[in-house]
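Participant: Let me give you the structure first, and then I'll get to my questions.
The values are calculated or read from the model by the stated rules, or taken from the named source; none is laboratory data. This is a predicted model, so every value here is computed, not measured. Because the Cβ atoms are built from the backbone with ideal geometry, glycine has one as well, and the counts that use them run over all protein chains shown. Note: accessible area is taken over every heavy atom of the protein model, side chains too, but ligands, DNA and RNA are not part of it. Shrake-Rupley method; radii C 1.70, N 1.55, O 1.52, S 1.80 Å.
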Amino acid sequence: MSRILFAVTGSDSWTLADGTVHPCGYWPEELAVPHEVFTDADAGFEITIATPGGVRPVADEAGFSPEMNGGTTEPGERFRSYLDGIAEILSKPTDLNSVRAEDFDLVFVPGGHGPMEDLAVSDTFGALISEFVAQSKLVAAVCHGPAALLPARNGDGSWLFTGRRVTGFSNAEESQVGFADKAPWLLQNRLTESGGVFEESGSPWQEHVTVDGNLYTGQNPASSRPLAEALVAALVSARV
């Protein structure tokens, strides 16, 4: 049985550059769709959802809106219905600060602006990511989720993923949703400045998945499903 750790933000807000607080959380599609893919894979996956301190995670309501789902209500309704179906599990997450890499085969970080508020500055989570890498286990994140990889450091202080190919929510996409000029920092810039080799799709909002060794990242919400499917294939292959 493969054991999957969903490392979900515990933050329900994001502090902007001017100090104002923007309500957020995890992005619904990026938790619901991968969770559904892993559950439906019929491959014996055991899923644990964890947040810092074990707080109940909050979905960003914007992620249910027609404006963020191609102008139609169906996707948001579908995501909400799925999340309602696992509400009991979401209401009792494990404390992310107490988990051990040795108990899992994969750590997966859904996006939303929430991870930029808490996981991106958590030395505890950075140390956990370092444990996954040291044990040659899979590390994955989608959209703003790769922000959670930033505190993972080598002994000399350099970023653990320096020189590795990585993707995440692009500057162009952040600009189009209206936060590029408001954010305290941009994910694409920070990943690049830290030493990552940033890749992105030919145009904003197209699905894009980057795989570099045991590091799997997806660019945006549309990348949630193909990223999860790639991870299923990798986990199943590892058993053979």
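Participant: Can you give me the number of residues within region 76-92 that are in contact with a helix residue (DSSP H, G or I) (Cβ under 7 Å, 6 or more places away or on another chain) and not aliphatic (A, V, I, L, M)?
Facilitator: Matching residues across region 76-92 total 4.
Participant: Are there any pairs, at least 6 apart or on different chains, whose C-beta atoms fall under 6 Å, with the first in region 34-61 and touching a residue at least 60 places away in the same chain (Cβ under 8 Å) and the second open to solvent by 50 Å² or more (accessible area, probe 1.4 Å) and among the hydrophobic types (A, V, I, L, M, F, W, C), and if so, which?
Facilitator: Note: pairs meeting the criteria are A43/V236.
Participant: Of the conditions (1) of a type in the set (D, E, K, R); (2) more than 19 Å from P221 (Cβ to Cβ); (3) open to solvent by 60 Å² or more (accessible area, probe 1.4 Å), E77 satisfies every one except a single condition; which number is it?
Facilitator: (2)
Participant: Can you tell me which residues in region 170-199 are crowded, with 16+ Cβ neighbours inside 10 Å, without any contact (Cβ under 8 Å) to a residue 60 or more places away in the chain and touching a strand residue (DSSP E or B) at 6+ places or on another chain (Cβ under 9 Å)?
Facilitator: Across region 170-199, the qualifying residues are S170, Q188, L191, S194, G196, F198, E199.
Participant: Anything in region 130-169 that is within 16 Å of W14 (Cα to Cα) and without any contact (Cβ under 8 Å) to a residue 60 or more places away in the chain? List them, or say none.
Facilitator: Answer for region 130-169, where residues must be within 16 Å of W14 (Cα to Cα) and without any contact (Cβ under 8 Å) to a residue 60 or more places away in the chain: A147, F169.
Participant: Kindly list the number of the only condition in (1) over 14 Å from the mean Cα position of the chain (by Cα); (2) at negative phi that fails for V33.
Facilitator: Condition (1) is where V33 drops out.
Participant: Tally time: how many residues in region 126-147 are of a type in the set (G, A, S) and part of a helix (DSSP H, G or I)? Break it down stepwise before answering.
Facilitator: Narrowing region 126-147 to residues of a type in the set (G, A, S): 126-127, 130, 134, 136, 140-141, 145, 147.
Keeping just the survivors that are part of a helix (DSSP H, G or I) gives 126-127, 130, 134, 145, 147.
The qualifying residues number 6.
Participant: Can you pull out every residue in region 193-228 that is within 16 Å of V139 (Cα to Cα) and part of a strand (DSSP E or B)?
Facilitator: V209, T210, V211, D212, L215, Y216, T217, G218
Participant: Still on this structure, please answer the following. Going by the conditions given, is L231 of a type outside the set (G, A, S), outside any loop (DSSP other than H, G, I, E, B) and in contact (Cβ under 8 Å) with a residue 60 or more places away in the chain?
Facilitator: On the way: of a type outside the set (G, A, S): yes; outside any loop (DSSP other than H, G, I, E, B): yes; in contact (Cβ under 8 Å) with a residue 60 or more places away in the chain: yes.
Considered against the rule, which asks whether it is of a type outside the set (G, A, S), outside any loop (DSSP other than H, G, I, E, B) and in contact (Cβ under 8 Å) with a residue 60 or more places away in the chain, L231 comes out as yes.
Participant: Next up: Can you tell me which residues in region 92-110 are buried (at least 19 other Cβ atoms within 10 Å of the Cβ) and among the small types (G, A, S)?
Facilitator: A101 - this is the single residue of region 92-110 that is buried (at least 19 other Cβ atoms within 10 Å of the Cβ) and among the small types (G, A, S).
Participant: Out of E29, E67, I need the residue that is open to solvent by 30 Å² or more (accessible area, probe 1.4 Å), more than 18 Å from K137 (Cα to Cα) and in contact with a helix residue (DSSP H, G or I) (Cβ under 6 Å, 6 or more places away or on another chain). Which one?
Facilitator: E29
Participant: Moving to a separate point now. Which numbered condition trips up A87, out of (1) among the hydrophobic types (A, V, I, L, M, F, W, C); (2) out of contact with any strand residue (DSSP E or B) (no Cβ under 9 Å at 6 or more places or on another chain); (3) over 30 Å from A127 (Cα atoms)?
Facilitator: Of everything listed in (1) among the hydrophobic types (A, V, I, L, M, F, W, C); (2) out of contact with any strand residue (DSSP E or B) (no Cβ under 9 Å at 6 or more places or on another chain); (3) over 30 Å from A127 (Cα atoms), A87 misses just condition (3).
Participant: All but one of (1) surrounded by fewer than 20 Cβ atoms within 10 Å (Cβ to Cβ); (2) within 15 Å of the chain's Cα centre (by Cα); (3) not in a strand (DSSP E or B) hold for T48, so report the exception by its number.
Facilitator: (3)
Participant: On to the next question. When region 200-214 is examined, which residues are found to be open to solvent by less than 70 Å² (accessible area, probe 1.4 Å) and of a type outside the set (G, A, S)?
Facilitator: P204, H208, V209, T210, V211, D212, N214
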